[in-house]
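J.: Sending over a structure as C-alpha cells; questions will come in a sec.
Taken together, the values in this text are just the output of simple stated rules run on the coordinates, not laboratory data. Owing to the predicted nature of the structure, the values given are computational and were not obtained by experimental measurement. FYI the Cβ positions are ideal-geometry reconstructions off the backbone, even for glycines, and counts take in every protein chain you see.
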Amino acid sequence: MHGCVRAPGDKSVSHRALMFGALALGETNVSGLLEGEDVLATAAALRALGAVVDHVGTGLWRIRGFGVGGGREPDDVLNLGNSGTSARLLSGILASHPFTSFMTGDASLRSRPMQRVIEPLSRMGAHFQGREGGRMPLAVIGTDEMVPIEYRLPVASAQVKSAILLAGLNTAGETTVIEPEATRDHTERMLRHFGAEVRVSPAEGGGKRIMVVGWPELKARDIVVPGDPSSAAFAVVAAVIRPGSDVIVENVGVNPLRAGLYQTLREMGADIAFDNPREVGGEPVADLRVKGGGLKGIEVPADRAPTMIDEYPILAVAASCAEGTTRMLGLAELRAKESDRLSSVAAGLAANGVRHEMGADTLTVHGTGGAPEGGGLVKTHLDHRIAMSFLVLGLAAREPVAVDDGSPIDTSFPGFAALMNGLGAKIEPA
Ligand code: S3P
C-alpha cells in the first residue's frame, strides 16, 4: 500500500454540525461534511423539522436554523436509515418540542436499543411509545415544559449524553449528565462554539459532570469538519498489515477521546507518526504517516473501549496478522452497534481461518504473524464497519475475502473501495 489519501469527514461531527446549525439562528456554513447516508438522514430529518439545509458544493452545506425550541411538527415519519446517532441525538431534540413525531429506520436500526435515551428523556417529561424494549418505530410525544435532571449514564455512550444535553437546551435551568467513563466530547465542544454555556467539572467518585444551561440563544457559526479517525482506520490498518507499505492519511481527527486505536496499534509495534498537528474546527487533527509491518499481540484494557468503540472490528483484523495473541476487554457495548459486532467479528474471523475466542464481553485473537488463511464469505448484517474491516483482511490474507453485502459502506464511507484501490488494494464487485 503506497500513496497519500485524505480521510472523509467525521461522521459524529457532521451529524452535530447539521443539528446545531438547525438549532441556531442565522446561517451556518459547514465545510468537509461527510456526505454519507447516515448524515444525509439527519439532514432530511432537520428539513422535516423546518430547517433549510442546502448542499452548495462537495462537502459544503448551508443551514438556516429554526432556533432552540423552534422546530415544527414533521408531517411524516422520520426515516433514519441505518443511523443510530441520528436516532439517539434527534430524540433529544424531538422530546423537547410540544408535538408528536415518529421515527423509524432499517432492520438494523429497528433492532437497536432506544431505552437508553427513552429513560432519561422520560424523566425530563417526554413520553414515548415504541415496540418491545423501546425499539423503533418509535413515537416521541414531546413537551416544551421539560424539567432539568441530573443523570448518571449507566452505559458509556456519547449518544445518550448528547441526547440529554440537546433536550437540556430547550429546558429551563441546568441539565447535568454525569459520565463515569469519558466518551467523545464533540457535543460539548460544538455547543460552546455556538455560544451555549457548558460547564465540565470532575464528578464525585470519578468521571465528569457536564452541565448545560437551558434556553441559550445559539448563534450560527461556521464549522470545518475534520477527517474521521474511525474511517481513516481502514487505510491505516491496511498499511500496517502489509509489510513494506508507506501511506499518508491526511486530515485525521486525533481527539484523545477518539484516538484509542492509534495508541493501541503503536503499542502493538506499528510505525505511525502524527505529522503536522493542528486544530481544525476546534478539534485536534494530524496527518498520519504509516509504515507496514512489525505487529505484535497485546492486551487492550477495558477502560480504553470508549475511545475506540467503533474500531474493534478493524483492530481484530490487525490482530489476525500480528505475531502472538491480542486480548480485547470491555466489549459489551459492541453488541448494541449496527450489528452484534462482537458476534459478527467472531463469525468473520472463523470464516477466514483465524483462531479466536469470544466471551460475553471479550475477544481473543491468535495472530498468524503474517497472512491469515482468508477465502471466507463474511456476513455483513447491515454493518458498514464489518464490511470494510473484512475487505481489509482480504488485503493480507492468502485467499481473497468476500463480503455478502457492500452497500452499507455508503452509510459512513462513500468512495471507500476507490480510495483503497488508489493505495494499491484490489476491492471489486464479486
Ligand atoms: C457516536 C457514539 C458512539 C459510536 C457511534 C457514534 C456519536 O455510540 O459508536 O458510531 O456520534 O456520538 P455510543 O454513544 O452508543 O457508544
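J.: Kirkwood-based Rg over Rh for the chain (C-alpha set), two decimals?
T.: Working: Rg = 20.9 Å, Rh = 21.7 Å.
That ratio equals 0.96.
J.: What's the ranking of 92-98, 293-299 by average number of surrounding C-beta atoms within 10 Å, highest first? Before the final figure, lay out each step's value.
T.: Numbers: 92-98: 25.3, 293-299: 17.3.
Packing proxy ranking, top to bottom: 92-98, 293-299.
J.: May I pose another question? Under 8 Å for C-alpha pairs, at least 6 residues apart: give me the relative contact order for the range 73-214, rounded to a whole percent.
T.: On the way: 307 pairs, mean separation 29.7, N = 142.
Relative CO of the range 73-214 lands at 21 percent.
J.: Next question, about the same structure. Label-point separation (nm) for SER343 and GLU27, each offset 7 Å from Cα along Cα-to-Cβ?
T.: Going by the 7 Å Cα→Cβ label model, 5.0 nm.
J.: Count the DSSP beta bridges whose two residues both fall in the chain, then state the antiparallel fraction as a percent rounded to the nearest 5.
T.: Working: 50 of 70 bridges.
Of the beta bridges lying entirely in the chain, close to 70 percent run antiparallel.
J.: The range 56-105: which chymotrypsin sites (Phe, Trp or Tyr not before Pro) are DSSP loop and have at most 15 other beta-carbon atoms within 10 angstrom? Don't skip to the answer; put the middle values down first.
T.: Numbers: sites: TRP61, PHE66, PHE99, PHE102; in loops: PHE66, PHE99.
Of the chymotrypsin sites (Phe, Trp or Tyr not before Pro), the ones in loops of the range 56-105 whose Cβ has at most 15 other Cβ atoms within 10 Å are PHE99.
J.: Could I ask something else about it? Could you give the radius of gyration (one decimal) and Dmax (whole number) of the Cα atoms in the range 10-211, in Å?
T.: 15.6, 48
J.: Would you give the gap between the C-alpha center of the range 386-422 and the C-alpha center of the range 306-362, rounded to a whole Å?
T.: Taking the Cα centre of the range 306-362 as reference, the centre of the range 386-422 is 17 Å away.
J.: Then there is this: State whether the range 43-150 is rounded, prolate or oblate according to the following rule on the C-alpha gyration tensor (a ≥ b ≥ c being the square roots of its eigenvalues): a/c under 1.5 gives rounded; otherwise a/b larger than b/c gives prolate, and the remaining case gives oblate.
T.: oblate
J.: A follow-up question, please. Pull out a ≥ b ≥ c, the square roots of the eigenvalues of the alpha-carbon gyration tensor of the range 229-422, then state rounded if a/c is under 1.5, prolate if not and a/b is larger than b/c, and oblate in the remaining case. Can you show the working numbers first?
T.: On the way: a/c = 1.28, a/b = 1.26, b/c = 1.02.
Rounded shape, in that the Cα axes give a/c under 1.5.
J.: Only residues of the range 356-376 count here: report those whose backbone N is under 14 Å from the spot 7 Å along Cα→Cβ of ALA302, or say none.
T.: 359-363
J.: What does the extension gain come out to for ALA350 and LYS291, with contour length at 0.36 nm per residue minus their alpha carbon separation?
T.: Numbers: separation 59, 0.36 × 59 = 21.24 nm, distance 2.78 nm.
Contour length minus Cα-Cα distance gives 18.5 nm.
J.: What spacing in nm lies between the two simple spin-label points modelled at ASP76 and ARG189, each 7 Å away from Cα in the Cβ direction?
T.: A separation of 3.5 nm, rounded to one decimal place.
J.: Moving to a separate point now. To the nearest 0.05, what FRET efficiency results for GLU323 and GLU279 with a Förster distance of 45 Å applied to their C-beta separation? Please list the in-between numbers first.
T.: Details: r = 37 Å, r/R0 = 0.83.
With R0 = 45 Å, the Cβ-Cβ based efficiency is 0.75.
J.: Next question. Using the count of nearby Cβ atoms within 10 Å as a rough guide to exposure, how do LYS426, LYS219 rank from fewest to most? Before the final figure, lay out each step's value.
T.: Numbers: LYS426 10, LYS219 15.
Result, fewest neighbours first: LYS426, LYS219.
J.: Work out how much length SER201 to THR104 would gain on full extension: take 0.36 nm times their residue separation and subtract the Cα-Cα distance, in nm to one decimal.
T.: 31.3 nm
J.: How many lysine pairs in the chain, separated by 8 or more positions in sequence or lying on different chains, have Cα atoms less than 18 Å apart?
T.: Numbers: LYS11/LYS161; LYS11/LYS337; LYS161/LYS208; LYS161/LYS337; LYS337/LYS379.
Lysine pairs, 8 or more places apart or on different chains, close enough: 5.
J.: Can you give the relative contact order of the chain as a percent, counting alpha carbon pairs under 8 Å and 6+ residues apart? Present the calculation step by step, with values, prior to reporting the outcome.
T.: Working: 1092 pairs, mean separation 62.7, N = 430.
The value is 15 percent.
J.: Only Cα pairs under 8 Å and at least 6 apart count here; give the relative contact order of the range 229-422 as a rounded whole percent. Please report the intermediate quantities before stating the final value.
T.: On the way: 431 pairs, mean separation 36.3, N = 194.
Result for the range 229-422 is 19 percent.
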